[in-house]
Every structure is written in structure tokens, then in C-alpha cells.
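Scroll down for the structure; my scribbles are underneath it.
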Amino acid sequence: MNGTFTHKLLKQSLLTTTTHFPFPQNGFTLTSQQCGTMLQSFTNTKSFTKGQQLHAQMTTCGALRDNNYLNTKLAAFYASCGRMAEAQLIFDEIELKNSFLWNFMIRGYACSGCSLKSIALYREMFGFGWKTDKFTYPFVLKACGDLLLVEIGRKVHGEVVVSGLVSDIYVGNSLLAMYSKFGDMGMARMLFDRMLERDLTSWNTMISSYVKNENPKEALAIFYMMGKAGLSVDGTTLLGLLSACAGLMALKPGKALHCYVIRNRAEFSNKFLRNALIGMYSSCNSIAYARRLFDEVKLKDTVSWNSMISGYEQSGDAFESLRLFCKMFTEGAGPDEVTIVTVLGACGSITALQFGTSIHSCLVKKGFCVNTIVGTSLIDMYSKCGTLTCSRRVFDEMPEKNLVSWSAMVAGYGVHGKGREAIAIFHAMIAKNILPDEGVLTSVLSACSHAGLINEGRQIFHRMTTEYNVKPTSAHYSCLVDLLGRAGRLDEAYELIKSMKAIPTSDIWAALLSACRLHQNVNLAEILEQKVFEMNLKGVGSYICLSNIYAAEKRWDDVERVRAMVRRKGLKKPPGCSFVEVDKMVHRFLVGDRSHQQTEYIYSKLEDINQRLKEAGYKPDTSSVFYDVGEEVKEKMLWDHSERLAIAFALINTNPGTTIRITKNLRVCGDCHTVTKLISKLMCREIIMRDIHRFHHFKDGFCSCSDYW
DNA sequence: CTAGGGTTAG
């Protein structure tokens, strides 16, 4: 093969060339054009090995020397296989680079995780004055979107407009995707609305983008527009819509989609949709439906398990979540990072410390990478299980921390009443130039409130707007009200609420009411009663609080009025429920529970403790019993409380001196708090109890909350 | 050539 082809002559020459390359291995000979066609087909099918063999053969027979056409095809082949090192070498050797070659290189880098290189190459191409075409932009825009390079992305957008390619549907769709990755749904929507032509991808991009940008409502709106335009959907559309339903907790449209999937089973029977349906049902609090679907899936993959495990976890049934996790192993499925993170969350919510710890040690043993997300989950798990030192160890050993990791540590110190440590961590975070967000500020303010650090809390609240540029939300106001309220500055707290520009939410009023109970301020409570009645509270907490305040004054008529209101509104107090872990098994006790195997022992243990405490001068405080029954019955009801059952069970089944860790779903009642303090002294046990608000570390007859909770 | 799908942390 002699002679050098110039770019312009390339095509023509190929058509006229008759030179054949000998292929020694099989005796065939091929023309340059035939080689090119084969390369093209390997490029399209990403047949790397075959292409590589052809490359070797072409090198051996000298076909590549000075052959711009074949070298271009070869570079494109490597680029499409994601072998950018090989592609780049050939690319550098090619003198006459055409758009085809540039495009393949840009695509190769964009699709193999080197977006930055992809953009740089585009800049070079653009700078050389090469004509970009409709095949260039989709990848450049993808690269900008993936890297969140907003400025560069906008600039490229401008170049798209100048080039006149903006009306190309692929380019247009890529622009939509890019702006949605930037979180700029306004721009994406404007472009979408102005598109002359839209295909299914355009609609799907809008739907999944609205879902990702936490606007599921608009995602459904786009779907309705689609329906009006008489368009049909595909699997991608359905996945987006199912996520939207999950986000909106919209069971009805979710079910309708499920029906649609069933009716078109042939087309939509895939694991993605099955898992999305499981996720949708569990997000919509229809865990039983989710489970039914899950059980019907024959070939469960890790994601199926994860969806179901996290479904239980998020619907508050961590117990079942852990059971399913164990079942996962017996059925031969393997967990991944998502499983671990989900299960650690479940461990935290029911204080399964031994369970969580064994997962942690498995991770270490198996050399599983403890990355930021897993590390943060561990911090949270240990802190929720009452072992802050372990949280801190994980935190200190984490190679990379992000805002969430810092927040978890701040929140951990906070719920354990260690306000100073929480503030120290918060400031260490600031010193690392990490900008605080709403979440971490809520945690640090709540830490101040649990520890009674008034000045510090007020100072941080003030800095929110002046330094951190975070607008206080109702959660922050409620922390501050809580803080002032605990310190007895009820008037100041009330004034703060009145000074708010936004309408105070129910949790803010609840915080103030709770302070009224602590300081037994009946006058203010009477004023707040109206607020409590007006607001459509889903929980019964504020009513109980109000009732307790009146009960303490022995104003039984008022207690009855509050109780009547609860009945009228059809609210129910959720049953108290406590968890305690013994020998790697978590045991759950409901109030008055008699279902446990050891029930007889538990109740006789409680009777025994009751006797001993009474001898020591303990007098039951029945004021928190919400029901109108005789005093003796009330006293009995107190001894049925779930945390006492859990404590008694733990006392029976653990060695003397072992710390007892308990988690309760409600606030600990006054009498249980007193009794637990006494038990800690009487039985020489440290008892760490987490209630709905915070931790109580009981030791030697005292509690870390100093009786403010 | 574009979206490309499901499950995860404060």
C-alpha cells in the first residue's frame, strides 16, 4: 500500500483502491475499505477483542501506516469501547482530524467518567474552528451536567444556539437534562415548552427531572400533559411516575400505574418496575402490598431486598427490617452498601447495638470500604444505641467527612445532653470551611436546648442570618422556644413566637406548652389550649401535655375537657413500645404486654422491685395516667409501662453490672423516670434510655437530663 | 448520538 491520502481525497481513493492487504493468519486479503467497515461494525457492537485482533493484524501488514481513514476508524473504535488511553495515542498521531473523530473522542471521555477531558477536547475542537455538529453536543452537555459546571454549560448552550443546532431533538433533550442536573428546572421547563418537536425522551427527561428535583407534583402534571397529547409511555416514564407517587405518598395514582403495568405485562415485566412498585407501596404506607409483591418476585436481586428492607425501616418496623435482612442471607442473596446503610438505620431505631456492632466488625473483617455514607450511618447507629464513644471513634477515623457526617456527630452529642461537645464539633466544622445548612443548625440548637446553654443557643440562632446565611425555619424557632422555655423564660419564648413573620407551626406551640408543663405555668397553658384545639394535630402529645398540666393542679374538669376533645377528634394515643437487646436478640414490649415467653418472671420481678422501692419510700406519681380510673388502677397501669417490662426483662437476663439500653417510642412518663432512677441505684445498673426526644443516662439514682425533658 | 430508570446516611 503506497501513497498518502489527504482527508479530502480519502473517500474517493477508497472507492478506487484495489490494493489488498494479506492477512497471514487465514490467508484472506482485505481492502482498506473492508477493514474500515469491519472496524465500524466492531465499534457499533463494542466487540473489543475482535477489534483488537484486527488492529494487530493491520499493524502486522502495515495497513495503518499513513492511512488517515483507518486510523480514524481505529481511534473511534477504541473510544467507543471506553479504552481512552489507546484511543488517545492513535488520535494524537492523526494529522487530519475530522468531526467524526472529534465526536467519538468527546463521547468516549464523557461516557467513561472523564467528563472534564471531554469538555477540554470540545474546547480544543471548537478553538481549532472545527465544525461542531449535532453529534458533538449531546456529550459535551452531558459532561457539563454530570460535573455541575454551570458556567461552562451555559456557555456551551450559547454556542449551541449560535450553531443553529438547538432545534435538533437530541441536542434539545441534552439541554433539558443538563439544566435539570443543575437543579434549574425553570430553565429546563422553558426550553421544553419552546421545543418545536418533542419525543418520548423529552417527556421522560422532564418527568424524571422533576422527581429528582423533588417536585413530584409537577412530574405528574407533565404526565397529564402527555396524556392530553395522546402519547403513550414506556418503562422509563412509569419508573419516573412511580417515584413521583412515592414522593407524594399518592397511593391512588400509584395503584393505577400498577394496574397499567399488569395489563401490559409483556412489555413491562422487568425488575426495575417491580422494585419501583415495591418502593412506591412502602412509601405510601402500604407495606403489606409491598410485601405481597416482594414475595411474588421469584428472582429477587439485591435491590428488591433493599427496597423491602428499607420499606419496613421507613414505615417504623425496624424489627421486621432486621428479620428480613437475616432472611436475605438464608435465601442466598448478598447485601451491598445500600443494605448495610439501611440496616444500620434499623439497628439505631430499636437500639440493636450488638447487631449493629457485629455488622460493623463484619465490614472491617471483609475489608469493606467504610465510605462517607456508611461511616455516617455507623456514627448515627452508635449514637442512637447510646454508645457515643464508638460514634466518636468512627467519626475520627473517617478519611472523608461531609456535612452529613459532621451533623450526625453534632446531633449525637445533642441528644445525649452533651451540649458543649456538640458546639465544639459544630465550630470545628465551621473552621474547616464547611458551610452549615438548616439540618446541622437544628441539631446544634437542639443540643443547646437539651443542655440548657441559653447564651450559646441564642448566639448561634443570631449568626444563622448574619453569618451562615440560613433562614430560620420553624424547626429552629421551636428549638429556641424549647431552649428559653426550659430555662423558665416563658414570656420571652412567647414573645419570640409572636415576633415571627411566618405563622407558627404546631411544633413551636408544642415546645412552649411543654415548657409550661415543666414550670407548671397554668396561666400560659390556658392561653395555649385554644391553639392546641385549633390546630389539626395528628399526634396526641400536646393534649396529653395539657392534660398533665391540669392534672397537676387537680383540675379534673379541665382534664376531662381535654380528654373529650381527643375523643371528638378521634385521636388515639399510640401504644407505648420499648425495645431492649439481650444476647443479640432485640425484644419488643408493648404497654401491658403479656405475650413474652418470660411474662411470669417479668411481672414477678416487677412486683419484687415495686415492694423494695416502696420500702425505700417511693410514692407513685399517677398524674400522667391519661385515663379516668381509680387511683389503685392507675398505679397498676404505671407498672405496665413498656420500659419497665423491658428493664425487668433485662435485669433477669443479663449479668449484674451490665448496662441496660432501652429505646421507647414515646416520652418517658414522670413516674417511670423516677422509678428508673431508683432502680439504677437499687440494682447498681447503668440504664441508658432513649425516648422520643433525647437520651437519659440513669446512674446511682440520677439522670443525665437533670429531670428536664 | 439524547433520558436510562429501582434501593442508602444528619
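Which one of the conditions (1) farther than 26 Å from A:Gly701 by Cα; (2) of a type outside the set (Val, Ile, Thr); (3) assigned to a helix (DSSP H, G or I); (4) open to solvent by 30 Å² or more (accessible area, probe 1.4 Å) does A:Glu529 fail to meet, given that it meets all the rest? Going through (1) farther than 26 Å from A:Gly701 by Cα; (2) of a type outside the set (Val, Ile, Thr); (3) assigned to a helix (DSSP H, G or I); (4) open to solvent by 30 Å² or more (accessible area, probe 1.4 Å) one by one, A:Glu529 breaks only (4). The criterion of being in contact with a Gly (Cβ under 6 Å, 6 or more places away or on another chain), within 15 Å of DNA strand B (Cβ to nearest atom) and of a type in the set (A, V, I, L, M, F, W, C) does not hold for A:Cys114. Quick check: anything in the range A:610-622 within 30 Å of A:Leu537 (Cα to Cα) and either at pLDDT 90 or above or outside any loop (DSSP other than H, G, I, E, B) (or both)? Yes, that holds for at least one residue.
A quick yes/no check of all residues on (1) open to solvent by 20 Å² or more (accessible area, probe 1.4 Å); (2) modelled with pLDDT of 90 or more:
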position: A:Glu632; (1), (2): yes, no
position: A:Lys636; (1), (2): yes, no
position: A:Ser642; (1), (2): no, yes
position: A:Phe649; (1), (2): no, yes
position: A:Gly657; (1), (2): yes, yes
position: A:Ile662; (1), (2): no, yes
position: A:Cys672; (1), (2): no, yes
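Within the range A:77-99, residues that are farther than 23 Å from A:Phe126 by Cβ sit with their Cβ atoms under 6 Å from residues that are part of a helix (DSSP H, G or I) and of a type in the set (Val, Ile, Thr), at 6+ positions apart or across chains, in these pairs: A:Phe77/A:Thr43. Scanning the range A:310-356 for residues that are without any contact (Cβ under 8 Å) to a residue 60 or more places away in the chain, in contact with a Cys (Cβ under 8 Å, 6 or more places away or on another chain) and closer than 14 Å to A:Ile379 by Cα returns A:Cys347, A:Gly348, A:Gly356. Checking the structure you have, find out if any residue of the range A:191-210 is more than 10 Å from DNA strand B (Cβ to nearest atom), open to solvent by less than 20 Å² (accessible area, probe 1.4 Å) and either under 25 Å from the mean Cα position of the chain (by Cα) or under 19 Å from A:Ser99 (Cα atoms) (or both). Within the range A:191-210 (the criterion being more than 10 Å from DNA strand B (Cβ to nearest atom), open to solvent by less than 20 Å² (accessible area, probe 1.4 Å) and either under 25 Å from the mean Cα position of the chain (by Cα) or under 19 Å from A:Ser99 (Cα atoms) (or both)), the answer is yes, since at least one residue qualifies. Candidates in the range A:222-278 are the residues that are among the aromatic types (Phe, Trp, Tyr) and away from DNA strand B (no atom under 13 Å from the Cβ); of these, the one that is least open to solvent (accessible area, probe 1.4 Å) is A:Phe223. Within the range A:320-340, being at negative phi and either in a loop (DSSP other than H, G, I, E, B) or open to solvent by 40 Å² or more (accessible area, probe 1.4 Å) (or both) holds for A:Arg323, A:Cys326, A:Lys327, A:Phe329, A:Thr330, A:Glu331, A:Ala333, A:Gly334, A:Pro335, A:Asp336, A:Glu337, A:Val338. The lone criterion from (1) in a helix (DSSP H, G or I); (2) in contact with a Leu (Cβ under 6 Å, 6 or more places away or on another chain) left unmet by A:Phe589 is number (1). When A:Gly158, A:Gly183 are screened for being more than 11 Å from DNA strand B (Cβ to nearest atom), assigned to a helix (DSSP H, G or I), open to solvent by 20 Å² or more (accessible area, probe 1.4 Å) and of a type in the set (Gly, Ala, Ser), only A:Gly158 passes. Taking each residue of the range A:131-149 that is outside any loop (DSSP other than H, G, I, E, B) and looking for partners that are of a type in the set (Phe, Trp, Tyr) and within 8 Å of DNA strand B (Cβ to nearest atom) with beta-carbon atoms closer than 7 Å, six or more apart or interchain, yields A:Pro138/A:Tyr170. Restricting attention to the range A:83-140, the residues that are among the aromatic types (Phe, Trp, Tyr) and open to solvent by 30 Å² or more (accessible area, probe 1.4 Å) total 7. Cβ-Cβ distances below 9 Å connect the following pairs, each with a first residue in the range A:237-259 that is without any contact (Cβ under 8 Å) to a residue 24 or more places away in the chain and over 15 Å from A:Tyr224 (Cα atoms), a second residue that is part of a helix (DSSP H, G or I) and open to solvent by 10 Å² or more (accessible area, probe 1.4 Å), and a separation of six or more residues or different chains: A:Lys255/A:Tyr289; A:His258/A:Tyr289; A:His258/A:Leu293. Within the range A:192-208, the set of residues being outside any loop (DSSP other than H, G, I, E, B) and more than 16 Å from A:Ala219 (Cα to Cα) comprises just one member, A:Arg194. The criterion of being within 16 Å of A:Gly345 (Cβ to Cβ), in a helix (DSSP H, G or I) and within 13 Å of DNA strand B (Cβ to nearest atom) does not hold for A:Ser304. Check the range A:164-178 and report whether any residue there is part of a helix (DSSP H, G or I), away from DNA strand B (no atom under 11 Å from the Cβ), of a type outside the set (Lys, Arg) and open to solvent by less than 60 Å² (accessible area, probe 1.4 Å). Checking the range A:164-178: not a single residue is part of a helix (DSSP H, G or I), away from DNA strand B (no atom under 11 Å from the Cβ), of a type outside the set (Lys, Arg) and open to solvent by less than 60 Å² (accessible area, probe 1.4 Å). The residue list A:Gly488, A:Gly570 contains one member that is more than 30 Å from A:Leu590 (Cα to Cα), open to solvent by 30 Å² or more (accessible area, probe 1.4 Å) and over 30 Å from the mean Cα position of the chain (by Cα), which is A:Gly488. Does A:Val444 meet the test of being crowded, with 24+ Cβ neighbours inside 10 Å and at pLDDT 95 or above? Considered against the rule, which asks whether it is crowded, with 24+ Cβ neighbours inside 10 Å and at pLDDT 95 or above, A:Val444 comes out as yes. Applying the criterion of at least 2 residues that are open to solvent by 20 Å² or more (accessible area, probe 1.4 Å) and near DNA strand B (Cβ under 10 Å from one of its atoms) to the helices (runs of 4 or more DSSP H) found wholly in the range A:366-439 leaves A:372-384, A:403-415.
Is one or more of the residues making up the range A:611-624 surrounded by 22 or more Cβ atoms within 10 Å (Cβ to Cβ) and farther than 23 Å from A:Ser706 by Cα? No; the residues of the range A:611-624 include none that is surrounded by 22 or more Cβ atoms within 10 Å (Cβ to Cβ) and farther than 23 Å from A:Ser706 by Cα. Within the range A:650-691, which residues are in contact (Cβ under 8 Å) with a residue 24 or more places away in the chain, part of a loop (DSSP other than H, G, I, E, B) and closer than 20 Å to A:Asp608 by Cβ? Within the range A:650-691, A:Thr654, A:Pro656, A:Gly657, A:Thr658, A:Met683, A:Cys684, A:Arg685 meet the criteria. Please tell me if A:Tyr477 is under 27 Å from the mean Cα position of the chain (by Cα) and open to solvent by 40 Å² or more (accessible area, probe 1.4 Å). Yes: the conditions hold for A:Tyr477.
The values are calculated or read from the model by the stated rules, or taken from the named source; none is laboratory data. Everything numeric in this text was worked out from a predicted model, so none of it was measured. When we count neighbours, we look across all protein chains shown, and the Cβ atoms used for this are built from the backbone with ideal geometry, even at glycine. What goes into the accessible areas is simple: the full protein's heavy atoms, side chains included, and nothing from ligands, DNA or RNA. Shrake-Rupley method; radii C 1.70, N 1.55, O 1.52, S 1.80 Å.
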